[in-house]
Amino acid sequence: MIIANNINKQFGKLKALDNVSVTCNKGECIGLIGPNGSGKTTFIKSVLGMVVCDNGFITFNGKNILHDWQYRANIGYMPQIGRYPDNMSIGQLINMMKDIRNEKDMQLDEDLIKQFELDKLMHKRMRTLSGGTRQKVSASLAFLFNPEVLILDEPTAGLDPVASEILKEKIIKEKAKGKLVLITSHILSELDDLVTQVIYMQDGKLIFHKKIEELKTDTGQEKLSKAIAAVMLKTK
Ligand code: ADP
Ligand code: MG
């Protein structure tokens, strides 16, 4: 579904992505893991076309994304930091997004809006929102247009435990429908019951891409955090 072929991205001297090749297929929930600054967000932005790679290429359903920006309609993206017009209310923002998409017979998915009880906060302006509420808005928008692919960058950062649990349940539900979910988090315990595969990055390089069962048998560890720690010790 998404294939990255030898992609590189340099910011000045820094190699944010160093020859990354990876294939992401539908029905998988892929945990994108690695220390701060390892290139996770840059990878995600490259897939979205928000960062243009220096070389290499990315395809979405077989088409090079450089020549077909419409693929983005199939992706729901929750950014690490959501930036929105300060003076817009939550309701105005959501309506604006619906207007922009303006697709006929569009199947809207308002599950998260309801579960996060955003319907009671529709009049609130974006600039007055707490970090957690802002995250709830970002999450609701990512799922709203029922996309085939969900890309979630540190989605639970700033969410309270109840909201995190709602979001996790939602991710599991959408994955079960055969969608592709790409998710980053540095709280590995949060990914434990979600991910089917792990991509581990360091210094812009893809260190490994493994099925979760494979990672667990390779390391003899049941918990994702322990398994990752074991692999890291081996590769040092
Ligand atoms: P991660 O999401 O894994 O924490 P990022 O992809 O955000 O890492 O960043 C990878 C590296 O690239 C970091 O060293 C970061 O400072 C650098 N970087 C990211 N975006 C830019 C940019 N627009 N300009 C310069 N450096 C950047
Ligand atoms: Mg990041």
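Bear in mind that the values in this text are calculations on the coordinates, not laboratory data. All of these numbers come straight from a predicted model, not from anything done at the bench. Positions of Cβ are backbone-derived with ideal geometry, glycine not excepted, and every protein chain shown enters the neighbour counts.
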Subject >> Under 16 Å from LYS63, Cα to Cα: aspartates and glutamates that are on another chain or at least 8 residues apart >> reply: GLU148
**OP:** With springs connecting C-alpha atoms under 10 Å apart, model the chain as a Gaussian network and identify which of VAL181, VAL198, VAL20 has the largest mean-square fluctuation.
**Re:** VAL20
Subject >> Per-residue HN-Hα couplings for region 91-97 [Karplus 6.51, -1.76, 1.60; θ = phi - 60°; Hz; x = Gly/Pro] >> reply: x, 5, 4, 5, 5, 4, 4
Original post:
Which entries in LYS124/LYS179; LYS13/LYS211; LYS104/LYS211; LYS9/LYS210 show an alpha-carbon gap greater than 30 Å?
Top reply: LYS124/LYS179; LYS13/LYS211; LYS104/LYS211
Original post:
So what are the ³J(HN,Hα) numbers for region 36-46, from phi and the Karplus equation (6.51, -1.76, 1.60; θ = phi - 60°), rounded to whole Hz, Gly and Pro as x?
Top reply: 4, x, 7, x, 4, 5, 4, 4, 4, 5, 5
Subject >> C-alpha long axis of helix 224-235 to longest principal axis of the chain, angle in ° >> reply: 40 degrees
Original post:
Setting aside same-chain residues fewer than 8 positions from LYS15, which aspartates and glutamates have a Cα under 14 Å from its Cα?
Top reply: ASP54, ASP203
Original post:
Counting alpha carbon pairs within less than 8 Å and at least 6 residues apart, what relative contact order, in whole percent, applies to the chain?
Top reply: 28 percent
**OP:** Work out from phi, with θ = phi - 60° and the Karplus expression 6.51 cos²θ - 1.76 cosθ + 1.60, the ³J(HN,Hα) of each residue of region 77-84, listed in order in whole Hz, and give x for Gly and Pro.
**Re:** 10, 10, x, 4, 10, x, 10, 9
**OP:** Using R₀ = 25 Å, calculate the FRET efficiency as 1/(1 + (r/R₀)^6) where r is the Cβ-Cβ separation of LEU233 and ASP193; round to 0.05.
**Re:** 0.55
Original post:
Rg and Dmax of region 2-235 over Cα atoms: what are they, in angstrom?
Top reply: 17.9, 53
